[in-house]
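**Q** Have a look at this one.
The values are calculated or read from the model by the stated rules, or taken from the named source; none is laboratory data. Not measured: the values here are computed from a predicted model. All Cβ positions, glycine included, derive from the backbone under ideal geometry; neighbour counts span all protein chains shown.
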Amino acid sequence: MTKKTDFSAEEWDALLAGPLAASLYIIVASPSVFGAIKEMTVMSKEFVRAAARPENTELMRFLLADYQEKETLKRVTPNVKGAPDEVKAVLRSDIEKAVALLNEKATPEESLQIRQWMYGLAVKVAEAAREGGFLTIGSVRVSEAEKQALAELSAILDVEDREQGEAPAEE
């Protein structure tokens, strides 16, 4: 069983940055002001939902508890300023660092649970706002750019990529 104390302060911050970076990776893939607002709202709600799951490992509980601290969130939220390709590269690096730490220090079960949760979080963010079209006519739940970003995340996180459908997201 892995504990927070198994990580240095710097490593713990890098681990905390991973799920945030995965969510932002989706937001940056297909940016829109109103979409980003919805996507950030869904991301916040998903952190709360995840914290309520009884099957969480101890490491997952430690992670989710730290997301409740505003100062911690400010400190570990990845910098998303710059050209989209530069931002994606920074976010990808943050995600890769988190995955490397999980693979090095967590048990295989803990690592898999957190990596799957990170991917599921990204899926929820992608499904949060309809993309394209006019007044939702001709819009899609998950844009092609978001689908591509999800496929990239699936590879980085080493989890199965789930094909995104057109089912409405929870409001």
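**Q** Which one of these is within 25 Å of Val48 (Cα to Cα), buried (at least 22 other Cβ atoms within 10 Å of the Cβ) and either more than 17 Å from the chain's Cα centre (by Cα) or at pLDDT below 90 (or both): Ala149, Ala98, Ala122, Ala129?
**A** Ala129
**Q** Scan Glu11, Glu46, Glu71, Glu86 and give me the residue that is in contact with a Ser or Thr (Cβ under 9 Å, 6 or more places away or on another chain) and either in a helix (DSSP H, G or I) or of a type in the set (Val, Ile, Thr) (or both). Explain how you work it out, then say what you get.
**A** Working: Glu11 fails: in contact with a Ser or Thr (Cβ under 9 Å, 6 or more places away or on another chain); Glu71 fails: in contact with a Ser or Thr (Cβ under 9 Å, 6 or more places away or on another chain); Glu86 fails: in contact with a Ser or Thr (Cβ under 9 Å, 6 or more places away or on another chain).
Sole residue among the options that is in contact with a Ser or Thr (Cβ under 9 Å, 6 or more places away or on another chain) and either in a helix (DSSP H, G or I) or of a type in the set (Val, Ile, Thr) (or both): Glu46.
**Q** To continue, here is another question. Which condition does Leu91 not pass, out of (1) more than 11 Å from the chain's Cα centre (by Cα); (2) part of a helix (DSSP H, G or I); (3) surrounded by 17 or more Cβ atoms within 10 Å (Cβ to Cβ); (4) not hydroxyl-bearing (Ser, Thr, Tyr), if it passes all the others?
**A** Every listed condition holds for Leu91 apart from (1).
**Q** crowded, with 18+ Cβ neighbours inside 10 Å, assigned to a helix (DSSP H, G or I), without any contact (Cβ under 8 Å) to a residue 60 or more places away in the chain and not small (Gly, Ala, Ser), is that true of Leu16? First the steps, then the outcome.
**A** Numbers: crowded, with 18+ Cβ neighbours inside 10 Å: yes; assigned to a helix (DSSP H, G or I): yes; without any contact (Cβ under 8 Å) to a residue 60 or more places away in the chain: no; not small (Gly, Ala, Ser): yes.
Taking the combined requirement at face value, the residue does not satisfy it.
**Q** Yes or no: Val28 over 22 Å from Glu146 (Cα atoms), modelled with pLDDT of 85 or more and either in contact with a strand residue (DSSP E or B) (Cβ under 8 Å, 6 or more places away or on another chain) or among the β-branched types (Val, Ile, Thr) (or both)?
**A** No; evaluated as a whole, the condition is false for this residue.
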